[in-house]
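Colleague: One structure, as structure tokens, below. Some questions next.
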Amino acid sequence: AIRLARDLGIRTIQLAGYDVYYEEHDEGTQQRFAEGLAWAVEQAAAAQVMLAVEIMDTAFMNSISKWKKWDEMLSSPWFTVYPDVGNLSAWGNDVTAELKLGIDRIAAIHLKDTLPVTGDSPGQFRDVPFGEGCVDFVGIFKTLHELNYRGSFLIEMWTEKASEPVLEIIQARRWIESRMQEGGFTC
């Protein structure tokens, strides 16, 4: 993937912040993740391609604080973070503090709504319509505006169940742009 990205002029590869997803997490899975990540960062540096780890829907990498430990270990300008504001919010993180912690290393941001992880619920990380979850989009956009964030935003959503998927995408974009403007961004 790194060589292909280099050859095509793609500057950033997003990585999932999982050691394993369907299997049980243990010391061995974390060790293999660390070894693989170190190797990938070396390859990415040689190709001058950015690796950006997404903040995920599992406890392994559910905050920028957790990502920061990997950043300190790898110590490479080619290793960045790709926060998913839905995943950050669902785990009860202080999203403002997390964004401030990683602002100088954010490659791009996923915009998605989620339902929170609680003692009674595992949370819901997909198929949550914008505005119906726990994400404080206006607050997040205010924070990013104050931090002078100038990177990319990507709307993450699912429409395969929709009778009019293109219409849902248009409505989601309009909804997000309205929240961005409330947060101080010009769209």
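A short reminder: the numbers here are calculations on the coordinates, not readings from a lab. Just so it is clear, the structure is predicted and the values come from calculations on it, not from any experiment. Glycine gets a Cβ as well: all are built from the backbone with ideal geometry, and neighbour counts include every protein chain shown.
Colleague: Work through the residues other than residue 27 whose Cβ is under 14 Å from its Cβ and net out their charges, Lys, Arg +1 and Asp, Glu -1.
Modeller: Net charge in that neighbourhood comes out at -4.
Colleague: Any idea what the dipole of the chain comes to, in debye rounded to 20, about its Cα centre with Lys/Arg Cβ at +1 and Asp/Glu Cβ at -1?
Modeller: The calculation lands at about 740 debye.
Colleague: Roughly how many debye, to the nearest 20, is the charge dipole of the range 1-100 about its Cα centre, given +1 on each Lys and Arg Cβ, -1 on each Asp and Glu Cβ, and no other charges?
Modeller: Around 480 debye, computed over the range 1-100.
Colleague: Cut-off under 28 Å on the C-alpha distance; same-chain residues fewer than 8 positions from residue 69 excluded. Which lysines are left, in chain and number order?
Modeller: Partners found: 100, 112, 142.
Colleague: Give me the Kirkwood hydrodynamic radius of the range 52-183 in Å, from all C-alpha pairs, to one decimal place?
Modeller: In the range 52-183 this quantity evaluates to 15.2 Å.
Colleague: Could you give the length gained by full extension between residue 136 and residue 71, i.e. 0.36 nm per residue of separation minus their alpha carbon distance, to one decimal place?
Modeller: Gain in length upon complete extension: 20.7 nm.
Colleague: Would you calculate the convex hull of the Cα atoms in the range 7-60 and tell me its volume per residue in Å³?
Modeller: On the way: hull volume 4.6 nm³, N = 54.
About 84 Å³ per residue, rounded to a whole number.
Colleague: Among DSSP bridges having both ends in the chain, what percentage is antiparallel? Round to the nearest 5.
Modeller: Counting only bridges with both partners in the chain, antiparallel ones make up about 5 percent.
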